[in-house]
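Before any comments, here is the structure.
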Amino acid sequence: MVLEADVELGVMSDQELAYALDVEVVRTIFPRTRLLDPQPEHRTCLRYKYLLPKKIGESQHDETFRQIQDLQYHIEALRTRLEKSLALVLREPVVIAGRLDMSTVWSLSGGVAFQQYPPRRPGLARLPVHLNQEQKSDLVEIWKCIKNSEIQTENNGLALALRRLSYQANRERPEDELLDVMIAAEALYLSGGSSGKERGELGYRMALRAALWAQPGENRFSPREIFKLMKCAYDVRSIIAHGDKLKSRDIKILDMQVSLAELVFEVEGVVKSGCRRALVEIASNSTLWPPDWDGLALGQ
C-alpha cells in the first residue's frame, strides 16, 4: 500500500524480519525461543526508502550532520503520522514495536541500527489487525489529509486532537483514555481563540458543536443523542480530572448505565469521526480550523 513517494505499508521481507527478530524489535512468542507466528499481520512495516549522498574527501562535517539530522526528523514525522492515521481509521489501538535502519553501505559492508518502542500494554503487539479494502482506502486518504494539515500550522486545535487520540495505545486505564479523548474533543470543538468569558459552559458548548459537526451515517447516534453522550462524557471527565470519586450511576449512554470502557469507546468514535471530517474539509476546501461554529448553529 503506497502512502506517498518512497513510503509504503506492507509485509516485511524475510531479510527485514530476520533483522527485526535478531534485535527483538519483533518478539517471538516465548522468550528465548525461535517460535514465530508466520501470519502477515505480525510482520507489517512502514517502509521508507531514502538515499544520502555519498561524499568522498568531504572536509565540512556540519553539512553531513545536518542532512542526517533532517533525515531523523523526517522519519520520526512519518512514524507519528502513521500513529495518527491508524488511530482515526481503526477503532482498536495499534502499537508500533520499533524501528530498523538498514543501510546497504555502512563501513563498506552494510549495517543495521534499531530502536525499540516498548508498548505500555504489551498484549497489543500480539493482536492481529486486518484492514479491509475500505479501510485501506481510508488510510491512504487520511494519511494525505494529515500531511496536508501538518503544513498548515495554524490548525493547532486539530493537531492537538490528533496527537491525543494517537496516545490511546499507551494508556492502561480507561480513566486515562477518557482524559485523552476529552482533551482531543476540547481541542477540536473549543479551539478558536475565544476569550475566557466566551468559554463559559464548556461542556454544553462542546457537546452542541460535536452534535452539529457529526455527519449522518458516521455514527450510530442522532445529533441529539451525540449531544447527550458528549455532555455526559464531559461531566465524567470533570469528576476524574478533579480527583473526585466516580460512581457507576454517573456513567451513562442514552440514559442507560454502562461501564467506563464502553463510554470511552463510543465517545472516541464521535471524536475520531469529527477529526476525519475536519481533515477532509481542510484538504478539499483549503480552509483552516475551526469553522464558523455560530454560523453552523444558526443553519448558515
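The values are calculated or read from the model by the stated rules, or taken from the named source; none is laboratory data. Just so you know, these numbers come straight off a predicted model, no measurement behind them. With ideal geometry, Cβ positions are generated from the backbone for all residues, glycine too; neighbour counts draw on all protein chains shown. Please note that ligands, DNA and RNA were not included when accessible areas were found on the heavy atoms of the full protein model with its side chains. Shrake-Rupley method; radii C 1.70, N 1.55, O 1.52, S 1.80 Å.
Taking Cα pairs under 8 Å and at least six residues apart, what relative contact order does segment 142-300 come out at, in percent? All intermediate terms of the calculation are to be shown ahead of the outcome.
Working: 171 pairs, mean separation 49.8, N = 159.
That works out to 31 percent.
Of the solvent-accessible surface of segment 149-297, computed with a 1.4 Å probe and all protein chains present, 48% belongs to carbon and sulfur.
Computed extension length for Leu51-Lys144: 31.2 nm, one decimal, from 0.36 nm per residue of separation with the Cα-Cα distance subtracted. Dimensions of segment 209-260 along the principal axes, based on C-alpha atoms and rounded to the nearest Å, stand at 36, 20, 13, largest first. When all protein chains stay in place and ligands, DNA and RNA are ignored, the 1.4 Å accessible-area order of Tyr189, Tyr234, Tyr50, largest first, is Tyr50, Tyr234, Tyr189.
For Arg163, the shell of other residues with beta-carbons less than 14 Å away shows a net charge of +1, using +1 for Lys and Arg and -1 for Asp and Glu.
Rolling a 1.4 angstrom probe over the protein heavy atoms, how many square angstrom per residue are accessible across segment 159-300?
Working: 7220 Å² over 142 residues.
Heavy-atom accessible area per residue stands at 51 Å².
In units of the rule-of-thumb radius 2.2 N^0.38 Å, segment 221-300 shows an alpha carbon radius of gyration of 1.32. A Förster radius of 51 Å, combined with the Cβ-Cβ distance separating Ser103 from Lys245, puts the computed FRET efficiency at roughly 0.40.
For the ranges 155-161, 258-264, 63-69, what's the packing order if you count other beta-carbon atoms within 10 Å of each residue, average per peptide, and put the highest first? Before the final figure, lay out the partial values.
On the way: 155-161: 20.4, 258-264: 17.1, 63-69: 11.0.
My ranking of the peptides, most packed first, is 155-161, 258-264, 63-69.
Working note: Karplus 6.51/-1.76/1.60 with θ = phi - 60° gives segment 143-150 the couplings 4, 5, 5, 5, 4, 5, 5, 5 Hz, where Gly and Pro are set to x.
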